[in-house]
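Bear in mind these aren't lab numbers, they're just calculated from the coordinates by the rules spelled out. Predicted model only: the values in this text are computed from it and were never measured. For neighbour counting, all protein chains shown are included, and Cβ atoms are generated from backbone atoms with ideal geometry for every residue, glycine included.
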């Protein structure tokens, strides 16, 4: 696939990997996505599933490609479980936007194998919210869904 066909963004490291202009430890590829080992893994076996076509975040990703990314993420999770890496769990992690910890602005899905005492944590401050506020948020989202139909 040519760089033009992938709608590559200038200076995007993932577009460079897709175009074979940057190195990556490739695990899987097809006409829509590639999967490769994370250069900065939080646990051994941490990999990324990346669409070939440049999309910054979820809003920029077409539905079919998005579904395929998740499907390949599922396949990669299965492969991790069946591999010789002794993982006992999997986190599927998506960062969409800078405030959501996205650092490479080309959509990508993290598939993170988990091991006992691996040291990586996600510990949110959980606060119970009043039902009326939850109902209000639900109505706001329903309105947004209706606008996109």
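Of note:
- Note on residue 143 and residue 118: the model spin-label points, each 7 Å out from Cα along the C-beta direction, lie 4.1 nm apart.
- Pairwise FRET efficiency - residue 128 versus residue 11, Cβ, R0 = 35 Å, nearest 0.05: 0.20
- Largest GNM mean-square fluctuation across 19, 138, 67, computed for the chain with C-alpha springs under 10 Å, falls on 138.
- Helix-only CD estimate at 222 nm, as mean residue ellipticity for the chain, using -39500 (n - 2.57) per DSSP H run (n ≥ 4): -9500 deg cm²/dmol
- Whether the stretch 70-149 is rounded, prolate or oblate, judged on the alpha carbon gyration tensor where a/c under 1.5 counts as rounded: prolate
- Cα→Cβ-extended label distance, 7 Å offset, between residue 78 and residue 99, nm: 3.8
- Here the simple spin-label model places points 7 Å from the Cα toward Cβ, and for residue 60 and residue 25 these points are separated by 2.7 nm.
- Length-normalised contact order for the chain - Cα pairs under 8 Å, 6+ apart - percent: 22
- Prolate/oblate/rounded label for the chain (Cα gyration tensor, a/c 1.5): oblate
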